[in-house]
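> Have a look at the structure that comes next, please.
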Amino acid sequence: MNISEQIHELNLETSSILREIGNKLGFTLSQVQLLLAVPFISISMTDLSKILGIDNSTLTRNLNKLEGSELVVRKKDTYDGRIYKVTLTKKGLRLKDKIEFKLNQFSLKLLSALGHENRQVVFESLEKLSWAFTKTKHS
């Protein structure tokens, strides 16, 4: 299997895990990904759509659903009224914590199948790969 196939396979597996976690909590994969992408402080809709790789209309639809569930709020930026910022509510933060907890549980289960030395190698490799993605994407 070449690197592009490996990346695609990892993406499918990761999406499957997040979808399963979301289903157990009553949310879609897209909603889970959106919640995980919102940092503790607010983020602009433009930045959020870039991170998620979706267009603004898709992001707006997903945000409408999450706003209806009182998980996020959208507010105009104080300094630039053209910009809307997305922030997690307390309820949204609690849900994000649950999702991250379940994801960490799965990760620990996955890593427990590896020896200590292999875990460290995998972790360092993932860190480097993530950094390379970011660097390559923005060059």
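> Do any GluC sites (Glu not before Pro) in the range 30-121 lie in a loop, going by DSSP, with at most 16 other beta-carbon atoms within 10 Å of their beta carbon, and if so which?
GLU70
> Roughly speaking, what % of Cα-Cα pairs in the range 60-116 are separated by over 14 Å, rounded to a whole number?
66
> Which net charge results when you count Lys and Arg as +1 and Asp and Glu as -1 among the other residues whose beta-carbon is under 15 Å from that of GLY81?
Values: positive: ARG74, LYS75, LYS76, ARG82, LYS85; negative: ASP77, ASP80.
Once positives and negatives cancel, what remains is +3.
> To continue, here is another question. Which lysines does LYS135 reach when only Cα atoms under 16 Å apart count, and residues fewer than 8 places away in its own chain are ignored?
LYS50
> Taking 8 Å as the Cα distance limit and 6 or more residues as the minimum spacing, I'd like the relative contact order of the chain as a percentage.
Numbers: 99 pairs, mean separation 27.5, N = 139.
Once divided by the residue count of the chain, the mean separation gives 20 percent.
> If you rank SER139, SER44, SER4, SER16 by fewest surrounding Cβ atoms within 10 Å, what's the result?
Details: SER139 5, SER44 15, SER4 8, SER16 11.
By the 10 Å Cβ count, ascending, the order reads SER139, SER4, SER16, SER44.
> If a/c stays under 1.5 just call it rounded; otherwise compare a/b with b/c (prolate if a/b is bigger, oblate if not). Do that for the range 89-136, with a ≥ b ≥ c from the square roots of the Cα gyration tensor eigenvalues. Mind dumping the intermediate values first?
Numbers: a/c = 4.67, a/b = 1.38, b/c = 3.38.
Note, shape of the range 89-136 comes out oblate.
> Take the residue pairs LYS65/LYS85; LYS24/LYS90; LYS24/LYS137; LYS24/LYS75 and return only those whose Cα atoms are more than 28 Å apart. All intermediate terms of the calculation are to be shown ahead of the outcome.
Values: LYS65/LYS85 16 Å; LYS24/LYS90 20 Å; LYS24/LYS137 33 Å; LYS24/LYS75 30 Å.
Where the Cα-Cα span goes over 28 Å, the pairs concerned are LYS24/LYS137; LYS24/LYS75.
> A follow-up question, please. Cα to Cα, under 18 Å, and not fewer than 8 places away if on the same chain: which aspartates and glutamates meet these conditions relative to LYS76?
Once the sequence-local aspartates and glutamates are set aside, what remains near LYS76 is ASP47, GLU67.
> Along the Cα→Cβ direction, 7 angstrom out, place labels at ASN11 and THR58. What is the inter-label distance in nm?
About 1.1 nm separates the two model spin labels.
> On to the next question. Can you give the charge dipole size of the range 3-137 about its Cα centre, rounded to the nearest 20 debye, using +1 on the beta carbon of Lys and Arg and -1 on the beta carbon of Asp and Glu?
Working: 21 positive and 15 negative charges, 122 e Å.
Charge dipole, the range 3-137, about its Cα centre: 580 debye, nearest 20.
> Moving to a separate point now. Mind checking the alpha-carbon convex hull of the chain and giving the volume per residue in Å³? Let's see the in-between values first.
Values: hull volume 19.4 nm³, N = 139.
Expressed per residue, the convex hull around the Cα atoms of the chain is 140 Å³.
> For the Cα atoms of the chain, what angle does the longest principal axis make with the long axis of helix 90-112, in degrees from 0 to 90, nearest 10?
Long axis of 90-112 versus the principal axis of the chain: about 10 degrees.
We did not get these values from a lab; they are worked out from the coordinates using the rules stated. Given the structure is predicted, the values throughout are model-derived calculations rather than measurements. So basically every Cβ, Gly included, is an ideal-geometry build from the backbone, and we count neighbours across all protein chains shown.
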